[in-house]
1. Does residue 144 meet the test of being assigned to a helix (DSSP H, G or I), surrounded by fewer than 19 Cβ atoms within 10 Å (Cβ to Cβ) and in contact (Cβ under 8 Å) with a residue 40 or more places away in the chain?
2. Could you grab me the full set of residues in segment 109-138 that are surrounded by 12 or more Cβ atoms within 10 Å (Cβ to Cβ), more than 16 Å from residue 77 (Cα to Cα) and touching a helix residue (DSSP H, G or I) at 6+ places or on another chain (Cβ under 7 Å)?
3. So in segment 174-192, with the set limited to residues that are in contact with a Gly (Cβ under 9 Å, 6 or more places away or on another chain) and free of Cβ contacts under 8 Å to residues at least 24 places away in the same chain, which one is nearest to residue 142 (Cα to Cα)?
4. Being of a type in the set (S, T, N, Q), crowded, with 20+ Cβ neighbours inside 10 Å and within 20 Å of residue 138 (Cβ to Cβ), is that true of even one residue in segment 33-44?
Amino acid sequence: MNLDKVVEGMSLNKNIKEYFKDYAQMLLRWNHIHNLSGSINQESVYENIFDSIYPLRFIKNFDYCMDIGSGAGFPALPLAMCRHESKFILVEPRNKRASFLQNVIVELGLRHVEVKKCLIENLKLSDGEKVDLITSRALMKSENLIQLTKKFLKKNGYYLFYKGSYLPMELDCNENECIHRENRIYFYRKDA
């Protein structure tokens, strides 16, 4: 996959391709030493970026997003590169990955993104601080993740989980909460 295919049909900032290209180069450089993700070449990074931003085609606008288990930055960093007007918290407990995320934030000037190096169970936010979107990609069972993060989500906020075909075994969900693209299921649920 090339960069033109990644952004095809989307209305994004004209500089977005530069962000994605720089991010891909940083990830491949760090990945060579630290084994941060399964991405082994530029094309596989671009496929992960495409997967990360695909939901921008159907999700509602959001002001504040929390990504759980951010790892090498998917989906949070590509989403943050596309949505500079939104604030992002990336929750990642592992030192190497948290360091990589912080490096990308500094190098790309993503001032609206913050890394919290901790487990979600240990995360503390300011009193009353809540997000309107919680994202995660293949971290744990959806039902468990919802239970662990519910206290951080605003009323009428949304969950956006990047899942595979096993999602129906993890959680009862309505068909309108599951958007299918190839082997990916994007679980998008409003919390009442």
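What follows draws every value from the coordinates through simple rules; no lab data is involved. Please read all numbers here as calculations on a predicted model, not as lab measurements. Positions of Cβ are generated from backbone atoms using ideal geometry, with glycine treated the same way; all protein chains shown enter the neighbour counts.
1. For residue 144, the condition - assigned to a helix (DSSP H, G or I), surrounded by fewer than 19 Cβ atoms within 10 Å (Cβ to Cβ) and in contact (Cβ under 8 Å) with a residue 40 or more places away in the chain - is not met.
2. 120, 125, 130, 131
3. Per the stated criteria, the residue is 185.
4. no
Yes/no matrix, rows are residues, columns are (1) farther than 21 Å from residue 191 by Cα; (2) of a type outside the set (D, E, K, R); (3) without any contact (Cβ under 8 Å) to a residue 60 or more places away in the chain:
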position	(1), (2), (3)
64	no, yes, no
88	no, yes, yes
98	yes, yes, yes
103	yes, yes, no
112	yes, yes, yes
